[in-house]
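The next block holds one structure in the form of structure tokens; read it before the comments.
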Amino acid sequence: MKDPKDTRVVVGMSGGVDSSVAALLLKEQGYDVVGIFMKNWDDTDENGVCTATEDYEDVILVCNQLDIPYFAVNFEKQYWDKVFTYFLDEYKKGRTPNPDVMCNKEIKFKAFMDHAMSLGADYLATGHYAQVRENDGTYEMLRGVDHNKDQTYFLNQLSQEVLSKVMFPLGHLEKKEVRRIAEEHGLATAKKKDSTGICFIGERNFKEFLSEYLPAQPGNMETLDGEVKGKHDGLMYYTLGQRQGLGIGGAGDPWFVVGKNVTDNILYVGQGFHHDALYSDGLIASEASWTKGSVPTESFKCTAKFRYRQEDSGVTVYPMEEGTWKVMFDEPERAITPGQAVVFYDGEVCLGGATIDVVLKQDEAITYVG
């Protein structure tokens, strides 16, 4: 590796504390650091206020504090084409997409990385909580040391080529330590609260936002036996395992979403957190990406996550035809959701991930989902 002072690192800066500290640490290590702010979405609100403008102002403040050059780049068109249209298409199919995974794959570590390299960068760095380790010429992605903040779930689509050119300066730190470093250095973003949720929705009501782009089609809310329990506002507003917002009262256990019938526009509901219909013992996934580059040809055991904040579960992964993968669970899992990512791990190493297409019970596709 070249001497740090001869190594240019472009840092993707969001205006938040994590990317600010990432830039600070690289600068302290002697790298030639350039800060770049990405604008992916026109989020001007009804008062004409654009939060991206405020975020960029924070980026400028931090870059001036660190005495590093900064630029802004606009990826709104690419974001619309690659991430937002995918997001809407998935909801039309009755699925629950994960736009953060797609944004990392198509925008941050593709369009943005290409842009960084065109500026003469040797590496792209971000404030993600993950780690990269080289092992005999192969790059491995490891979980962040702070397992509560680890973001490998959202980075599961990164390839060998990307991992060879990426730096995650915060991967070895706990979040509280990142805050402490920011405060110690008086960074403008030290006390700024973390952004949450999907970037293009921001602080707005999700239901309201979605209705601007997809016409809602209200329909019946029914039990699996066909008993009508009420009306739903549109299948896209609900996800498997959801309890809030159903409006079903009465005695007994609370009600949960247990399935969707897109063809007949029915939302299936059932009583009890542990309703049998919410449990499955396997899934079929597609669009797999394997961080080591080589595609497994034999079945293997590992652990997996089916949503961001969950403990790992033991699974066996079976390659199938046409690039699909059958994943069987060691123990039944609750509320596995088509459209979400299944991400595979071997200890601390993230092996890759895929998109959940079909949920299985006793090796049969659950027909009332989808």
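Annotations
- Potential lengthening between Asp136 and Thr223 on full extension [0.36 nm per residue; Cα-Cα distance subtracted]: 25.8 nm
- Accessible-area order (highest first, 1.4 angstrom probe) of the listed residues Glu227, Glu140, Glu321: Glu321, Glu227, Glu140
- Taking every C-alpha pair closer than 8 Å and separated by at least 6 residues, the mean separation divided by the residue count of the range 238-308 gives a relative contact order of 21 percent.
- Given charges at Cβ of Lys, Arg, Asp, Glu: the range 147-221 dipole, positive-most of Ser211, Leu163, Ala190: Ala190
- Taking amide hydrogens as placed 1.01 Å from N in the peptide plane, the amide H of Met167 sits under 5 Å from those of Leu124, Ala125, Thr126, each at least 5 positions away in sequence or on another chain.
- Listed candidates (1) 166; (2) 153; (3) 136 - label of the one calculated as volume of the Cα convex hull per residue in Å³: (2)
- Here Val101 sits with roughly 20 square angstrom of accessible surface, probe radius 1.4 Å.
- If R0 equals 30 Å, the separation of the Cβ atoms of Asn265 and Phe300 corresponds to a calculated FRET efficiency of about 0.15.
- Taking amide H atoms as placed 1.01 Å from N in the peptide plane, the amide H of Phe71 lies under 5 Å from those of Gly35, Ile36, Phe37, each 5 or more residues away in sequence or on another chain.
- Between the amide H of Tyr129 and those of Gln151, distances stay under 5 Å, these residues lying 5 or more places away or on another chain, with hydrogens modeled in the peptide plane.
- Viscosity 1.306 mPa s, temperature 10 °C, Stokes-Einstein D of the range 112-177 from Kirkwood C-alpha radius, µm²/s: 129
- Accessible area per residue for the chain, computed on protein heavy atoms with a 1.4 Å probe, is 47 Å².
- Sites Glu57 and Thr324, calculated FRET efficiency, Cβ-Cβ separation with R0 45 Å, nearest 0.05: 0.45
- Highest GNM mean-square fluctuation among Met328, Met38, Met117, for the chain modelled with Cα contacts below 10 Å: Met117.
- Distance violations [Cα-Cα > 27 Å] among Lys110/Lys207; Lys108/Lys326; Lys105/Lys326: Lys110/Lys207; Lys108/Lys326
- Percentage relative contact order, the range 285-356, counting C-alpha pairs under 8 Å, at least six apart: 39
- With the simple spin-label model, which puts each label point 7 Å out from Cα in the Cβ direction, the Ala365 to Ser164 separation comes to 3.9 nm.
- Along the axis of the charge dipole computed for the chain (Cβ charges of +1 for Lys and Arg, -1 for Asp and Glu, origin at the Cα centre), the listed residues Val342, Val10, Thr152 are led at the positive end by Val10.
- When only Cα pairs below 8 angstrom with a gap of at least 6 residues are kept, the chain shows a relative contact order of 16 percent.
- The Stokes-Einstein estimate for the range 93-223, based on a Kirkwood radius over Cα pairs and taken at 4 °C with 1.567 mPa s viscosity, is a diffusion coefficient of 74 µm²/s.
- The chain - percent of accessible surface contributed by carbon and sulfur, probe 1.4 Å: 48
- Loop-located chymotrypsin sites (Phe, Trp or Tyr not before Pro) across the range 125-208 with a Cβ neighbour count of 12 or fewer within 10 Å are lacking, with loop assigned by DSSP.
- Each part reduced to its alpha carbon centroid, the range 300-340 and the range 104-177 end up 23 Å apart.
- Cα-based convex hull, the range 266-370, per residue volume (Å³, whole number): 108
- Nearest-10 value in Å² for the accessible area of Asp233, using the 1.4 Å probe: 70
- About the Cα centre, charge dipole magnitude for the chain (Lys/Arg +1, Asp/Glu -1 at Cβ), debye: 300
- Accessible surface of Asp150, taken over heavy atoms with a 1.4 Å probe and every protein chain present, rounds to 0 Å².
- Computed from label points 7 Å out along Cα-Cβ, the spacing between Glu28 and Lys92 is 4.9 nm.
- Pair Glu76, Phe206: separation of 7 Å Cα→Cβ label points (nm): 2.6
The values are calculated or read from the model by the stated rules, or taken from the named source; none is laboratory data. No experiment lies behind these values; they were computed from the predicted model shown. Glycine gets a Cβ as well: all are built from the backbone with ideal geometry, and neighbour counts include every protein chain shown. The protein model used for the area step is the full one, side chains on, heavy atoms only, and it has no ligands, DNA or RNA in it. Shrake-Rupley method; radii C 1.70, N 1.55, O 1.52, S 1.80 Å.
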